[in-house]
Each structure stands twice: as C-alpha cells, then as structure tokens.
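J.: Supplied in structure tokens, the structure appears directly below.
Computed from the coordinates by the stated procedures, all read-outs in this text should not be read as laboratory data. Since the model is a prediction, treat every value here as computed from it, not as a measurement. Note that each Cβ is placed from the backbone with ideal geometry, even for glycine, and that neighbours are counted across all protein chains shown.
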Amino acid sequence: MLWEFYEFTGRPNVRLNILASIIYHFSYNDNIKFDMHYYKIPKRKLMHKESEVHAHFNKNVTIEDLGFPHNLLEYYLYFYETLYPNKHLPHKIIKCNYDMRKLYEKIKAVEENEEKWIKLMEEADDIEFVKHNIEYKLGQDLTNKKLWILYIKYLKEYDVKPPDSPKFSLEMTLKV
C-alpha cells in the first residue's frame, strides 16, 4: 500500500516528503534508506536507545543527546568526547549528564506504574522527552486506557503552544 502511494504521486520531491513523514510517525530508526539515499529522520528522545554496537555507527551525537535520560548516556558522553576532542564540555553539561543517568535509573525502576513514571520523567524538564516516551509506550499497547488519560492530562497541562492562526469554533462558523 505504501509503495503504491509512492509510485502514484509521480513527483519525486513530494513523494519523498510524504514518505519521510510517514516513516517518522511509524518508525524509530534514525536513518531510513530510499532509492539508495539516506534520509535523516528527526531524532526522538527515547529512554531505550539502540545497543552500543549500533550507537557506534551513529556519528551524529550532539550535546542535546547528553541532556535527557536514556540507557546510553555514559557511552554517548565518551563517544562525544572522542568524536570532538577539541571541544571541551562545560562542567554544567557533564553534571547534567550525571544527573540524567541517576534519573534514568529511577524512571526505569517505576516503569510499570504509569503515574509515577510520568512524574519522574517530568523531572527531566523536557516536554519532548516525556511526549516521545509516552507515545512510544502507547505505540506498544494502544489499548492502555490509563496511559491515554494520563497523556491527555499531561498535554493539557504542559504542551501549551501559542496558536499560529485564529481558532475557529463551531459557534463562529454557524454565525457566518
């Protein structure tokens, strides 16, 4: 079905943008290969990263990767320091990395209790991190009603974005 749509569009730039969007929403791989080209999919801030063997081939370790809890924090710090030996990390980032390692262990310990799990993830002070991990867990079990309710509460409380365009309500459309 996906490949039929890929063939159907006929315009190379449009079909790749659509495919990249589809894969971003249904895959957690960083690099996706189409037509012998690699397309960089935006990184997700997941707690459970790939193994160290696969992480070794990830040449795109950034400072942002060192600032949220995940299972490869220590390895990423080492890899970043060897990848960029001339760039000295500020003490603040190294301390944050150490604190995130501790927080990862706490989060991992309460992973079965969704309420405590979300509360501990909030301590990372990173809305994207919390959203990505809840969405990842929901993707594994779409029938988890309790997690859906907690996620919707979380979004109402923290994911407040200023509107890009005026909101139209049903009342406004009925008056016209």
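J.: For labels at Asp99 and Lys43 in the simple 7 Å Cα→Cβ model, what's the distance in nm?
T.: Modelled inter-label distance: 1.9 nm.
J.: While we're looking at this one, here's another question. Over the range 97-162, what is the relative contact order in percent, taking alpha-carbon pairs closer than 8 angstrom and at least six residues apart?
T.: Numbers: 25 pairs, mean separation 16.3, N = 66.
Computed value for the range 97-162: 25 percent relative contact order.
J.: While we're looking at this one, here's another question. Which entries of Lys95/Lys146; Lys102/Lys145; Lys43/Lys119 have Cα-Cα distances beyond 27 Å here?
T.: Going by Cα-Cα distance, Lys95/Lys146; Lys102/Lys145 fall outside the 27 Å limit.
J.: Based on the Kirkwood radius over alpha-carbon pairs, what value in µm²/s does the Stokes-Einstein equation return for the translational diffusion coefficient of the range 52-158 at 10 °C and 1.306 mPa s? Intermediate results must be reported in sequence, preceding the final value.
T.: Details: Rh = 15.1 Å.
Result for D is 105 µm²/s.
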